[in-house]
Amino acid sequence: MAPYYRSITSSSSVLPLDNALLESLEKANEDELKILDERLQEAEKQEGESEISDALKARANYLTRIGDKVSTFCVILMFKLDSSEVGSGSGCTEACA
């Protein structure tokens with residue numbers, strides 16, 4: 001929830017930014033994204049297209065839940081590129097990392 005929390009505290013004077021809370025949210029986000037990245041890497045190495053698709057969808061869903069709109073868009077774009085067989089070598093992975 002760090003991206004969402006950061007956005008609501010920056011646009012509102014009602015809710016002040018709590019740096020300790022923000023750090024804990026960022027740490028939780030990093031931990032979950034690391035798990036999702038490992039899942040995607042495993043799917044790319046040893047599993048098929050539907051497992052890769054599931055891993056990308058799980059990452060997009062998580063990013064949506066925490067309010068990271070830009071990263072969500074990038075994952076969806078990577079999914080669409082992979083689905084259309086353009087491949088992930090199109091530069092989206094690097095641009096959205």
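The values are calculated or read from the model by the stated rules, or taken from the named source; none is laboratory data. All values derive from a computational prediction rather than experimental measurement. Please note: Cβ atoms are built from the backbone with ideal geometry, for glycine as well, and neighbour counts cover all protein chains shown.
Taken together, the residues in the stretch 63-91 that are surrounded by 14 or more Cβ atoms within 10 Å (Cβ to Cβ), charged (D, E, K, R) and modelled with pLDDT under 85 amount to 1. Residues of the stretch 13-28 that are surrounded by 10 or more Cβ atoms within 10 Å (Cβ to Cβ) and either of a type in the set (Lys, Arg) or not in a helix (DSSP H, G or I) (or both): Leu15, Leu17, Asp18, Lys27.
Mind listing just one residue for me: the one in the stretch 45-56 that is surrounded by fewer than 16 Cβ atoms within 10 Å (Cβ to Cβ) and either of a type outside the set (Lys, Arg) or at pLDDT below 90 (or both) and, of those, nearest to Met78 (Cα to Cα)? Give the steps one after another, and end with the answer.
Of the residues in the stretch 45-56, the ones surrounded by fewer than 16 Cβ atoms within 10 Å (Cβ to Cβ) are 45-51, 53-54.
Now narrow it down to the ones that are either of a type outside the set (Lys, Arg) or at pLDDT below 90 (or both): 46-51, 53-54.
Numbers: Gln46: 19, Glu47: 18, Gly48: 16, Glu49: 13, Ser50: 14, Glu51: 15, Ser53: 10, Asp54: 13 Å.
Residue satisfying both the conditions and the ranking: Ser53.
Report whether or not Ala60 is of a type in the set (A, V, I, L, M) and at pLDDT 90 or above.
Details: of a type in the set (A, V, I, L, M): yes; at pLDDT 90 or above: no.
No; evaluated as a whole, the condition is false for this residue.
Taken as a whole, the structure leaves Ile35 outside the set of residues that are β-branched (Val, Ile, Thr), under 18 Å from Ile76 (Cα atoms), under 17 Å from the mean Cα position of the chain (by Cα) and assigned to a helix (DSSP H, G or I).
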